[in-house]
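Engineer: Sharing a structure with you now.
None of the figures in this text is laboratory data; all of them are computed from the coordinates on show. Only a predicted model underlies this, so the values are computations on that prediction, with no experimental measurement involved. With ideal geometry, Cβ positions are generated from the backbone for all residues, glycine too; neighbour counts draw on all protein chains shown.
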Amino acid sequence: MKILYSAPRGTKDILPDETKIWRKIKKKAIEVSERFGFSEMIFPTFEEEKLFIRSVGEETDVVQKEMFTFLDSAGRKLALRPEGTASLARAVIENGLLNEALPLKLFYIINCFRNERPQKGRYKEFYQLGVELFGSSLPTSELEVISLAKMFFEELNIKNLTLNINSIGCSNCRKDFVLKLIDYFKEHENKLCKTCKERLNKNPLRILDCKEEECEALKENAPKILDNVCSSCKEHFKTVEKLLKNNNIDYVVNHKIVRGLDYYTRTVFEFKTNELGSQDTICGGGRYDGLFEELGAKKTPALGFGVGLNRLFLLLKDKEKIENYCDLYIGHISENAMLKATKIAQNLREKNIKVQTNLLERSVKAQMKYANKINAKYSIIIGDNELNSNEIELKNMNEEQTKKINLDDFESEFLKFINSN
């Protein structure tokens, strides 16, 4: 069959077998977040473009190259969200949530859009878990969100993860560091990749995040931001380290970690894995105390993280088998049997039992083959003989065992049987 249409480049269909893993990830994200006292927030898929320009930064790759923008019927310029933090901050300000008891703890599970080159686990439409905490400037807040992320990964049985942390200082001490960084890379400008040559005068911190081979080599001798932070930022970072050690959370200080978004300050962190090749970061976050003031609200300390769910899905997909099964398959081979079968199916579904029935004109043999294909635990076939004798044979599909049950009592007997096994 000729395929007339394909999914747009950089997007991916999530197939029925795969949605089992997606649901498990979402369920665990909700469970762990609520355990820490975080509440879910839902906000629009698109915003005014200027929200992201102001919050993310006009000189970032996200704003300059990656946003999907469009005009609405009134000529307003809108953008599909490239990330969640700016939208959440806008919603918090607009709905007056900062007037509630602080700290404000929120999480979201959303799709985002960036027009960037597709890579392993990275798409133009991607899914993200975001966890954000507003109103606390204390280092214990860093411990709170890092602990949540770690617990989330552990309970999904994600292994070979390493927590990387760094401090990018406050806006004051970072100014001096950026000047040193520019001076250093100016001396080696001819060795920078094309993108980083553009970043040098626009957003030099992003050079530290570049994965190109020529830039990686230059970064080794570049000034380290942690050596250039003010005493207050240095003390804050030491306390974060102390808290992590006290709670038995292993970490490494990685001087190369920066955030390309303008609103980040002080602590930044990433969880990395060695199982996804060069695209090794599965979670990134940090503190962004300047965002709310930038958006016109009162200055509010804030921090959080984002987890790329597409990459997390890749880690889980090959490691575990989540069976697609039904509890009971009910076959039938006559019109009267069909009436009885569909009635039993409906009654059991109302009792939270997974039931499928014959929806095609299949023979008994074909129906049993189908029951095997959908991994049915048990099956019954209803025909005129079963209706006349008022007796049905329940078959265990895995063990090839059968049990005779009175047809009138089948629903109650099956409920007792399946709940005891």
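Engineer: For the range 298-317 and the range 65-117, what is the centre-to-centre distance using only Cα atoms, to the nearest Å?
Structural biologist: Here the answer is 15 Å between Cα centres.
Engineer: Still on this structure, I have one more. Taking the 0 to 90 degree range and rounding to the nearest ten, how far is the long axis of helix 85-94 tilted relative to the main principal axis of the chain, both from C-alpha atoms?
Structural biologist: 90
Engineer: Also, quick follow-up: How much net charge surrounds residue 184 when only the other residues with a Cβ under 12 Å from the Cβ of residue 184 are counted, with Lys and Arg +1 and Asp and Glu -1?
Structural biologist: For residues surrounding residue 184, the net value is +1.
Engineer: Mind telling me which of 113, 43, 292 comes out most flexible in a GNM of the chain, alpha-carbon contacts under 10 Å?
Structural biologist: Answer for the Gaussian network model of the chain: 43.
Engineer: Another question about this same structure. What does the highest-first list of 240-246, 379-385 look like by mean Cβ count within 10 Å?
Structural biologist: Those peptides, ordered most packed to least, come out 379-385, 240-246.
Engineer: With θ set to phi - 60°, apply the Karplus curve 6.51 cos²θ - 1.76 cosθ + 1.60 along the range 239-255 and write out the HN-Hα couplings as whole Hz, x wherever there is a Gly or Pro.
Structural biologist: Listing the rounded values in order: 5, 4, 4, 4, 5, 4, 5, 5, 9, 6, 9, 6, 7, 10, 7, 10, 5 Hz.
Engineer: Out of the chymotrypsin sites (Phe, Trp or Tyr not before Pro) in the range 1-36, which ones are loop residues according to DSSP with at most 10 other C-beta atoms within 10 Å?
Structural biologist: 5
Engineer: Moving on. In a Gaussian network model over the chain where Cα atoms closer than 10 Å are linked, find which of 387, 78, 15 has the largest mean-square fluctuation.
Structural biologist: 387
Engineer: Could you give the C-alpha radius of gyration of the range 326-419 expressed as a fraction of 2.2 N^0.38 Å, taking N as the number of residues it contains?
Structural biologist: The value comes to 0.96.
Engineer: Using amide H atoms built 1.01 Å from N in the peptide plane, name the residues 5+ places from residue 332, or on other chains, whose amide H lies under 5 Å from its own.
Structural biologist: Counting only residues 5 or more places away or on other chains, the set is 358, 382.
Engineer: Could you derive backbone 3J(HN,Hα) for the range 332-345 from the dihedral phi with the Karplus parameters 6.51, -1.76 and 1.60 (θ = phi - 60°), listing whole Hz in sequence and x where the residue is Gly or Pro?
Structural biologist: 8, 9, 7, 5, 5, 5, 4, 4, 5, 4, 5, 5, 4, 4
Engineer: Search the structure for amide H atoms under 5 Å from the amide H of residue 266, placed 1.01 Å from N in the peptide plane, and list their residues when 5 or more places away or on another chain.
Structural biologist: Those qualifying (amide H under 5 Å, at least 5 residues apart or on another chain) are 168, 169, 170.
Engineer: Ok, one more. Hey, in the GNM for the chain with a 10 angstrom Cα cutoff, which one of 264, 288, 325 fluctuates hardest?
Structural biologist: It is 325.
Engineer: Let me ask something additional. Would you list, by chain and number, the lysines whose Cα falls below 29 Å from the Cα of residue 298, excluding same-chain residues fewer than 8 positions away?
Structural biologist: 50, 77, 105, 175, 202, 234, 238
Engineer: In addition: Among (i) 4, 19, 25, 25, 16, 7, 3, 1, 0; (ii) 4, 21, 29, 23, 13, 6, 2, 0, 0; (iii) 4, 18, 24, 20, 13, 10, 8, 3, 1, 0, which one is P(r) over Cα pairs in 10 Å bins from 0, in percent computed from these coordinates?
Structural biologist: (iii)
Engineer: If you don't mind, there's one more thing I want to ask. Just to confirm the filter: which GluC sites (Glu not before Pro) across the range 204-240 are DSSP coil and have at most 16 other Cβ within 10 angstrom of their Cβ?
Structural biologist: When the GluC sites (Glu not before Pro) of the range 204-240 are filtered for loop state and at most 16 Cβ neighbours within 10 Å, 212, 220 remain.
Engineer: Further, regarding this structure: Please tell me which of these pairs span more than 18 angstrom C-alpha to C-alpha: 27/317; 28/150; 150/224?
Structural biologist: Exceeds cut-off: 150/224.
Engineer: Taking only the alpha carbons of the range 129-226, what extent do you get along each of the three principal axes, in Å, biggest first?
Structural biologist: Over the range 129-226, Cα extents along the principal axes are 47, 32, 21 Å.
Engineer: List the residues whose amide H sits under 5 Å from the amide H of residue 84, counting only those 5 or more places along or on another chain, with H placed 1.01 Å from N in the peptide plane.
Structural biologist: none
Engineer: Please give, to one decimal in nm, the separation of the simple spin-label points placed at residue 138 and residue 9, each 7 Å out from Cα toward the Cβ.
Structural biologist: 5.2
Engineer: Next question, about the same structure. If the only charges are +1 at each Lys and Arg Cβ and -1 at each Asp and Glu Cβ, what is the size of the charge dipole of the range 76-175 around the Cα centre, to the nearest 20 debye?
Structural biologist: For this selection, approximately 660 debye.
Engineer: Between residue 71 and residue 125, what's the calculated FRET efficiency when r is the beta-carbon distance and R0 is 25 Å? Round to 0.05.
Structural biologist: Once rounded, the FRET efficiency stands at 0.75.
Engineer: Using a Cα-Cα cut-off of under 19 Å, which lysines could be cross-linked to residue 197, ignoring same-chain neighbours fewer than 8 residues away?
Structural biologist: 65, 180, 186, 211, 219, 256
Engineer: Give me the percent of DSSP beta bridges within the chain that run antiparallel, rounded to the nearest 5.
Structural biologist: Around 80 percent antiparallel, to the nearest 5.
Engineer: Whole-Hz Karplus ³J(HN,Hα) for the range 389-398, in order, using 6.51 cos²θ - 1.76 cosθ + 1.60 and θ = phi - 60°, x for Gly and Pro?
Structural biologist: Computed from phi, the couplings for the range 389-398 are 7, 6, 9, 10, 10, 8, 10, 7, 6, 8 Hz.
Engineer: Still on this structure, I have one more. Between residue 242 and residue 351, what is the FRET efficiency for a Förster distance of 60 Å, r being their Cβ-Cβ separation, to the nearest 0.05?
Structural biologist: Between residue 242 and residue 351 the formula returns 0.65.
Engineer: In whole percent, what relative contact order does the chain give with Cα contacts below 8 Å and a gap of six or more residues?
Structural biologist: Over the chain, the number comes to 15 percent.
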